[in-house]
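The values are calculated or read from the model by the stated rules, or taken from the named source; none is laboratory data. Please read all numbers here as calculations on a predicted model, not as lab measurements. All Cβ positions, even for glycine, are placed from backbone atoms using ideal geometry, and neighbour counts span all protein chains on display. Accessible surface is based on the protein model in full, side chains and every heavy atom, while ligands, DNA and RNA are left aside. Shrake-Rupley method; radii C 1.70, N 1.55, O 1.52, S 1.80 Å.
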Amino acid sequence: MKDILNVILIVLSAVIIVLTLLQGGKSDGLSAAFTGSGDLNLFAVQKERGPEKFMSRLTLICGILYFALVIALQIIK
C-alpha cells in the first residue's frame, strides 16, 4: 500500500511540474515589480478564461491532492 502511494506521489509531482510550466506568466516578471516598469498592478483582477482557467484549476486540484497524499503517507508511517 505504501509503495503504491509513493508511486502516485511521484507521478503527481511530475504532473504538477508539467502543469506549472505550461501556464503562462501573469505579469511582466520580478524585475518589473522592483523597477516599476510596465503596468504591474498587484491588486488588479485578471479573469482567466478557457484553457487557462482549466489549467489553473487542475494545478490547484493536483496540489491539494499532493499535500493530502503527503499527510496520508506520514500517518501511515
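Values for this structure:
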{"quantity": "Selection count where residues are in a helix (DSSP H, G or I), open to solvent by 80 Å² or more (accessible area, probe 1.4 Å) and touching a residue at least 12 places away in the same chain (Cβ under 8 Å), scope segment 1-21", "calculated": "2"}
{"quantity": "Subset tally (residues that are hydrophobic (A, V, I, L, M, F, W, C), closer than 20 Å to G25 by Cβ and touching a residue at least 12 places away in the same chain (Cβ under 8 Å)) for segment 48-76", "calculated": "3"}
{"quantity": "Any hit, segment 37-44, residues being modelled with pLDDT of 90 or more and open to solvent by less than 60 Å² (accessible area, probe 1.4 Å)", "calculated": "no"}
{"quantity": "Failed criterion for I64 (all others in (1) open to solvent by 90 Å² or more (accessible area, probe 1.4 Å); (2) at pLDDT below 85 hold)", "calculated": "(2)"}
